[in-house]
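See below for the structure under consideration.
The values are calculated or read from the model by the stated rules, or taken from the named source; none is laboratory data. These figures come from a predicted structure and were not determined experimentally. Cβ coordinates were reconstructed from backbone atoms using ideal geometry, including for glycine residues, and neighbour counts include every protein chain displayed.
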Amino acid sequence: MTDRPMGFDTLQIHAGARPDPATGARQTPIYQTTAYVFRDAEHAAALFNLQEVGYIYSRLTNPTVAVLQERIATLEGGVGAVCCSSGHAAQIMALFPLMGPGRNVVVSTRLYGGTVTQFSQTIRRFGWSAKFVDFDDLAAVEAAVDDDTRAIFCESIANPGGYITDLPAIGALAAKVGLPLIVDNTSATPYLCRPIEHGATLVVHSTTKYLTGNGTVTGGCIVDSGKFDWAASGKFPSLSEPEPAYHGLKFAETFGPLAFTFHGIAVGLRDLGMTMNPQAAHYTLMGIETLSLRMERHVQNAMKVAAWLEQDDRIEKVTYAGLPSSPYNHRVASVCPKGAGALFTVALKGGYDACVKLVDSLELFSHVANLGDTRSLIIHSASTTHRQLTPEQQVAAGAAPNVVRLSIGIEDADDIIADLDQALAKAHG
Ligand SMILES: *Cc1c(COP(=O)(O)O)cnc(C)c1O
């Protein structure tokens, strides 16, 4: 083959994989093993010293998981990736080398409910803190950055509100203040949005969602752009200063653009143990093979369903950024040119009670705390995923009491609409 870059549809099937060297198996085998036999004592020592790359123990690396890491890194345009046990694990693993007691991360108010809880409460136990800011107010984001800030964090298409972050502007701001930008690209996937092209240093995913796509396994991933100069910054000693557990090795000096990736495996997975298992990697690899096909249909269906809902009398508001009426519609072309995803919220005129009746009356939709499945899903965020938030946080996150969140699947759009129609009739009956 020539050097011409391959397209997304090709890479989602082939990147990172090759016929199994031992058996010729065409599909990536599930390497269901805990440990790997060393060639001899010298080989073992070299692996433990990070002088040679290879497999030691599946808490750190596993060949099935390694294929998935390379596949996602390639699709995002990164140099490497670390997979872990869930999207929430990926967020902790992304922050772990950057933060320390007393340090903070500047984050968007528009985030997945579980992330708001993780950032506003749980990370405090590590002595870290998060400063929540409206990312449409660039001056406020910049003003929130102080000497202890170590990262900026947002979602590309924010869950659950149909909000699109102005990634080119936030990327430029992160570069200006010299901090890594971490973008959660779960709702968009690399097919719709490529945050690294807008200046993201790290991209995190809940692979549980669209990347796997079939609702079978939880997983997470951190993609490393390889573009941040950790040593020059002076703010990231874990990556630039000698690591005692590896005889004073400096990750930035030894691994260059792959410093974050190697640290994530050799220190993050080694000590935090939030490892993805090879079965989960297998299901996610199966899902990614059809990612572009699914995302195209998700977007087409979401457009049809959102447009139908918007003209219905029983509906107060639809927040799909793909609709011309959305205040974020103008960002689609620059941030997610292939479409605004398939996740949006709907405010019902009947308020909280109508939302609960709607959820209970739907037949094709499943009432679950998940998104990004081939199946259409619904949840009433205020009584479930966003329950732990204050009313102000609920509204800020787009999860007010009269709002339901839809994750539009890849069934026939007409069937999805018919199901909503009959359930809305009952909710307003
Ligand atoms: C689901 C989700 C998470 C958390 O991922 P898990 O795999 O459930 O831990 C984080 N961010 C977003 C945008 C999500 O949708």
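Table: residues versus (1) away from the ligand (no atom under 16 Å from the Cβ); (2) hydroxyl-bearing (Ser, Thr, Tyr).
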| residue | (1), (2) |
| --- | --- |
| Arg71 | yes, no |
| Cys83 | no, no |
| Ser86 | no, yes |
| Ala89 | no, no |
| Leu95 | no, no |
| Val105 | no, no |
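Taking the stated definitions as given, is Thr115 in a helix (DSSP H, G or I), surrounded by 22 or more Cβ atoms within 10 Å (Cβ to Cβ) and of a type in the set (Ser, Thr, Tyr)? Lay out the reasoning, then the answer.
Working: in a helix (DSSP H, G or I): yes; surrounded by 22 or more Cβ atoms within 10 Å (Cβ to Cβ): yes; of a type in the set (Ser, Thr, Tyr): yes.
Yes, satisfied.
Filter region 157-169 for residues that are within 16 Å of the ligand (Cβ to nearest atom) and either modelled with pLDDT under 95 or more than 15 Å from Gly398 (Cα to Cα) (or both) and give the result. Steps first, answer last, please.
Quick first cut of region 157-169, residues within 16 Å of the ligand (Cβ to nearest atom) only: 157-165, 167.
Within region 157-169, Ala158, Asn159, Pro160, Gly161, Gly162, Tyr163, Leu167 meet the criteria.
A quick yes/no check of all residues on (1) within 16 Å of the ligand (Cβ to nearest atom); (2) in contact with a Leu (Cβ under 9 Å, 6 or more places away or on another chain):
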position	(1), (2)
His198	no, yes
Val203	yes, no
Gly213	yes, yes
Val223	yes, yes
Glu241	no, no
Tyr246	no, yes
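So, of the residues in region 340-353 that are closer than 18 Å to Val183 by Cα and among the small types (Gly, Ala, Ser), which turns out to be surrounded by the fewest Cβ atoms within 10 Å (Cβ to Cβ)?
Within region 340-353, the first condition is being closer than 18 Å to Val183 by Cα, and the residues that meet it are 340-341, 343.
Those still in the list that are among the small types (Gly, Ala, Ser) too: 340-341.
Values: Ala340: 29, Gly341: 32.
Once the filter is applied, the top-ranked residue is Ala340.
Does Phe135 fit the bill of being at pLDDT 95 or above, closer than 17 Å to Ala90 by Cβ and within 16 Å of the ligand (Cβ to nearest atom)?
no
Yes or no, residue by residue, for (1) under 16 Å from Ala81 (Cβ atoms); (2) outside any helix (DSSP H, G or I); (3) touching a Phe, Trp or Tyr at 6+ places or on another chain (Cβ under 6 Å):
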position	(1), (2), (3)
Ala252	no, no, yes
Phe255	yes, no, yes
Phe260	yes, no, no
His263	yes, no, yes
Leu269	yes, no, no
Met303	no, no, no
Trp308	no, no, no
Glu316	no, yes, no
Ser326	no, yes, no
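Which members of region 119-153 meet the condition of being assigned to a strand (DSSP E or B) and not hydroxyl-bearing (Ser, Thr, Tyr)? So that I can check it myself, show each step before the final result.
Of region 119-153, the ones assigned to a strand (DSSP E or B) are 129-133, 149-153.
Result: Ala130, Lys131, Phe132, Val133, Arg150, Ala151, Ile152, Phe153.
Is one or more of the residues making up region 135-158 touching a helix residue (DSSP H, G or I) at 6+ places or on another chain (Cβ under 8 Å), surrounded by fewer than 21 Cβ atoms within 10 Å (Cβ to Cβ) and among the aromatic types (Phe, Trp, Tyr)?
no
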